[in-house]
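Worksheet: one structure, shown below.
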């Protein structure tokens, strides 16, 4: 046993002697570390999940400028002429115009599905997503269904859907269509195919009051040229007036993820307050410990214990509280984080190093708070006059 | 185990040391009779403790209070000194100065040839660790540790070495504490046993100086006598310098000489 170990055993024995107040201090640290660790794990899982689901885009969106359209008294659409102009401006890139039809309301077994009816050329659709099952529509009686709608409404190839066309002043018309394919989930925010029902496009154009497109998606083969390409389109179409607006969803995505990270940091900071409160509790315990052991400190000094060893003894005491509390808090965070990840089916995000590292971070913070809380009482103890300490009643 | 038998009271048997550290550990065969002859204090050489015009003034809110004033004396190796005087006369201040727990405002204190005046706190602490053993009236043992661990503590602080119980066991044996009590905590021991543990703790680093503050003040007469016999043995047979603060004239009779202190001043120097 070295002298430092002996000093450590002094600290450990004192904690054991006053086990109740030591336990309360440890519980404070456990709660603090658990709050930070568990919140860190949960926030990180959510962040990674969203970040993964919402992948960086290889496209940008051209949409009509609403203000310009209103001022001009025009429909808020992109015309065929404008689509042609876009294709001329950027001949090397894929230009995918889409529109939604409010003419038809899809229904399945008397229940309206609430999904959009989207117009997109079959070849263009194949550029945006792949088929999960089935085939693309080849006639007006066939449709494909987006991945989210198919999942939520349990739609499979072979299911029957009815398009209801509202006629003002007349009876509703019904167009039964067969689902021939289900699309893969894209999780895209720039084109909402996941929540759409997509009929054979020439049929839709013919049977709805098609005036133009809601938006045009430009798919890039080289993402680094996105800004230059957007400028080329803007220069071509906004030459006279700002007729269209261009959106790069990557900026929106990055901003959103940044805001999520900020939110996570704020939540962790709030959780950290509980740890600071635990630190105050440790400070209190340590001050009491020093006051109760004045005489012992005096004896230790008189038999040749240096100030530094006295300092170490009280630092060890607060560190022990910190290590025990942080250890238990860390294990609890791990278990609760595991249960959360298991519950939402995100175990792969839980086992990611970035997620698991949240626990050592929280534990380190717990230990650091304990150390800081014990520093002043330890300094006070080490600076005690040995004579006054020996005669303390 | 050997015993000093008091001819006046044959029942009182005081266990004597096997001796520790720098001195002797006799062969067991020799234990049937006393192994050492008393050593006379060596006054021909340098004093082991020397006070030169030492003054200590405490600054309090109510004003300055003189602890000791212009105190000068020498103590030689192997001497047994009693410091006597009324309460508040400066006895404890004197002992604190000897124990390097405090430094004077004026004058010089020499301990084993070293002037304590210019020493840093760590140097004074190290001097205490290597040179001085303290024995207190209220024993001041560490309540959470066994007798053995209490004794072992200063030794581990000094050597930094791993669990060498041998030295602590020797010290406990030398003060006559039976091995069945070694793993008892202080609150499981009698007052006399606790004081023996305290003496063993003071001896474990083999210091040449033992400072005692009313070592029998908290003991009954019989136990107090046993402790005084032990302290006397440390001085007479092991050559340690023992300085003892006491109020009790019977205890002071064990001393080679008495330093009387009144109002912070040494009255007669030597008596």
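What follows draws every value from the coordinates through simple rules; no lab data is involved. This one's a predicted model, so the numbers in the text were calculated from it and none came from an experiment. A quick note on method: Cβ atoms are made from the backbone with ideal geometry, for glycine too, and the neighbour counts reach across all protein chains shown.
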Check: Given labels modelled 7 Å from the Cα in the Cβ direction, how far is it in nm from residue A:222 to residue B:65?
Finding: 9.1 nm
Notebook entry, point to check: Between residue A:70 and residue A:255, 0.36 nm times their residue separation minus their Cα-Cα distance comes to what?
Noted result: 63.7 nm
Check: So, in nm, how far is label residue A:192 from label residue A:20 when the simple model puts each one 7 Å beyond its Cα toward the Cβ?
Finding: 6.2 nm
Item checked: Cα-based helix-to-principal-axis angle, A:19-53 vs chain A, degrees rounded to 10 -> 20 degrees
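Order of B:62, A:242 from fewest to most other C-beta atoms within 10 Å?
Lowest count first: B:62, A:242.
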Checklist line | Inter-label distance, nm, simple model (7 Å from Cα along the C-beta direction), residue A:171/residue B:130 | finding: 11.5 nm
Check: Which of rounded, prolate, oblate describes segment A:273-393, given a ≥ b ≥ c as roots of the alpha-carbon gyration tensor eigenvalues and a/c under 1.5 marking rounded, otherwise prolate only if a/b is larger than b/c?
Finding: prolate
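Given an 8 Å cut-off on Cα distances and at least 6 residues of separation, report the relative contact order of chain A as a percent.
That works out to 29 percent.
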Note to self: Going by average Cβ density within 10 Å per residue, which order do the peptides A:210-217, A:167-174 take, highest to lowest?
What the structure shows: A:210-217, A:167-174
Note to self: Angle check, please: helix A:80-89 long axis (alpha carbons) against the longest principal axis of chain A (alpha carbons), in degrees 0 to 90, nearest 10.
What the structure shows: 60 degrees
Checklist line | Shape category assigned to segment A:221-264 from the gyration tensor of Cα positions, a/c cut at 1.5 | finding: oblate
Next item on the list: Over the whole of A:294-303, what's the average partner chain Cβ count within 10 Å per residue? Rounded to a whole number, please.
Entry: 6
Checklist line | Efficiency of FRET from Cβ geometry, residue A:354 and residue A:292, R₀ 56 Å, rounded to 0.05 | finding: 0.80
Next item on the list: Quick one: check the C-alpha center-to-center distance for segment B:203-266 versus segment B:53-109, whole angstrom.
Entry: 17 Å
Note to self: I'd like the orientation of helix A:3-17 relative to chain A: the angle between its Cα long axis and the longest Cα principal axis, in ° from 0 to 90, rounded to 10.
What the structure shows: 80 degrees
Item checked: Which of A:54, B:182 has the fewest Cβ neighbours within 10 Å, and the rest in rising order -> A:54, B:182
Item checked: Residue exposure sequence - A:38, B:138, B:153 - by fewest surrounding Cβ within 10 Å -> B:138, A:38, B:153
Margin query: Quick check on the protein assembly as shown: take the gyration tensor over C-alpha atoms, sort the square-rooted eigenvalues as a ≥ b ≥ c, and tell me if it's rounded (a/c under 1.5), prolate or oblate.
Written below: prolate
Notebook entry, point to check: At a Förster distance of 56 Å, what's the computed FRET efficiency of residue A:210 paired with residue A:273, Cβ-Cβ distance as r, to 0.05?
Noted result: 0.45
Item checked: Relative contact order computed over segment B:172-271 (Cα-Cα under 8 Å; 6+ residues apart), in percent -> 21 percent
Check: Where both residues lie in the protein assembly as shown, what percent of DSSP beta bridges are antiparallel, nearest 5?
Finding: 70 percent
